[in-house]
Amino acid sequence: MTDLDQRITSVLREQAEGEIDTSRLLHGSRALGRRRQVRRRATTGTALALVGVLGFTGAIRADVGGLAGRMPWTAATPEAAPPPVPPLADGVPGARDRPDLVGTDPQVLHLGLDSSRARYLGWSVHASNPIESIRFSVGDGHPVLLEVSPVAKTLDDTPIDGFPVQAVSGRLTFDGAVLRVAGTDGLVTSWQPFPGLYARAATLRGDVAALKRVSGLVRWDEARRCTGPVRPTTLPANAAVTGCSVDAAAFPKGLTVQLTVFRAPSSNMWIKLVYGAEMGEDTGRASNRDLGGRPGFRYPDGTRLELLGLPKARLTVDFAWPFPGDGPPGQVNFTEADAATVLVGTKVARDLTRPQTWP
């Protein structure tokens, strides 16, 4: 298996219209053999296909606190670890008051959890879908993935991480009924918490009663920031962050943050920070780029740049289409100079295990 094969862990589902949110990955495609197939659908008259490059199984060893190659459902949460909680977004209305804002700002979650009864395992916002999600656990129960959107069809059409790709497509009723997913122990329920908002909750293993209790754990009247220990301060001209994803299931031993940067009409960049308490500080890679006076490394395939020297962490930017000569029509890559600008201007918390210090 090539390094690129190892890096490509899933294939994106394309949207029918609007910007392509390349951070929305089809983890279920692993069951299809990690094929290099890009599914194309028409979007505003042009067939576009984008592959989300998680890109770290080929770049780091298996000493990252259990993160490499791990499905988001399967990491065990370390005992007695202080759980990270997304900070409140002061002055921002929650989903109950403004359901139309859900999924429109990649920096904001328009909902929260009762953290006295549930533990955050991860959270994300995909402004191009639009979907906001929180992954959490209650006690020793199995993880639950909650996703919300102001558009019912978005949830009905979007595959669920870890489930067969077509497990729920066209089957959601949004009436609170529980759907058992054939071929798995998975359960899915969908409902409309209030007019203008749709919700979907799923678990790979669990009981119906536990799934039905999910709505009682949600705080619809609050908003929180989709944040992590990494924040870009400089972006290429006319580019913007359109996706935010934080995986804290292995916290404080491991943490993953990914941000998606988009520039019309088709340029995409993926900023990713992976932290592992047992990760070796010596990457074995000699610097071949200067990044504002700091050592950097350009990977041989020419699509990734890494800032070296971070203790127990990897900060990389994937800035180009991973299959040279085989990009979708109209594909325009960011440049290495763009990636360097982003890395030089990215702020990383001094202590990745202390959420109160995150920028």
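Determine whether L113 is touching a strand residue (DSSP E or B) at 6+ places or on another chain (Cβ under 9 Å) and open to solvent by less than 10 Å² (accessible area, probe 1.4 Å). When the stated conditions are applied, L113 passes them.
Considering only residues of the range 310-322 that are assigned to a loop (DSSP other than H, G, I, E, B) and farther than 22 Å from F334 by Cα, which is least open to solvent (accessible area, probe 1.4 Å)?
L310
Restricting attention to the range 323-343, the residues being open to solvent by less than 30 Å² (accessible area, probe 1.4 Å) and assigned to a loop (DSSP other than H, G, I, E, B) number 3. Contact map, the range 284-309: first residue on the phi < 0 side of the Ramachandran plot, second residue hydroxyl-bearing (S, T, Y) and surrounded by 12 or more Cβ atoms within 10 Å (Cβ to Cβ), Cβ cut-off under 7 Å, separation 6 or more or different chains; pairs are P295/S287; G296/S287; F297/S287; R304/T316; L305/T316; E306/T316; L308/T283; L308/S287.
Quick check on the range 97-120. Is at least one of its residues within 14 Å of the chain's Cα centre (by Cα), modelled with pLDDT of 95 or more and closer than 19 Å to L211 by Cα? Checked the range 97-120: no residue is within 14 Å of the chain's Cα centre (by Cα), modelled with pLDDT of 95 or more and closer than 19 Å to L211 by Cα. In the range 136-159, the qualifying residues are those that are surrounded by fewer than 20 Cβ atoms within 10 Å (Cβ to Cβ) and aliphatic (A, V, I, L, M), and the one that is modelled with the lowest pLDDT is V138. The single condition from (1) farther than 17 Å from T158 by Cβ; (2) free of Cβ contacts under 8 Å to residues at least 40 places away in the same chain that H142 fails is (2). Scanning the range 160-176 for residues that are closer than 11 Å to R200 by Cα and modelled with pLDDT of 85 or more turns up I160, L172, T173, F174, D175, G176. A residue that is touching a Gly at 6+ places or on another chain (Cβ under 9 Å), in a strand (DSSP E or B) and either under 25 Å from P83 (Cβ atoms) or open to solvent by less than 40 Å² (accessible area, probe 1.4 Å) (or both) cannot be found anywhere in the range 160-170. Here R200, R205 are screened, and the one residue that is under 22 Å from the mean Cα position of the chain (by Cα), closer than 27 Å to V144 by Cα and part of a strand (DSSP E or B) is R200.
Taken as a whole, the structure places V151 among residues that are under 21 Å from the mean Cα position of the chain (by Cα) and farther than 22 Å from P82 by Cβ.
In the range 191-224, which residue that is modelled with pLDDT of 95 or more, under 18 Å from L155 (Cα atoms) and not hydrophobic (A, V, I, L, M, F, W, C) is surrounded by the fewest Cβ atoms within 10 Å (Cβ to Cβ)? The qualifying residue surrounded by the fewest Cβ atoms within 10 Å (Cβ to Cβ) is P195.
The values are calculated or read from the model by the stated rules, or taken from the named source; none is laboratory data. Computed from a predicted structure; not experimentally measured. For neighbour counting, all protein chains shown are included, and Cβ atoms are generated from backbone atoms with ideal geometry for every residue, glycine included. In case anyone asks, the SASA skips ligands and DNA or RNA and just uses the protein heavy atoms, side chains included. Shrake-Rupley method; radii C 1.70, N 1.55, O 1.52, S 1.80 Å.
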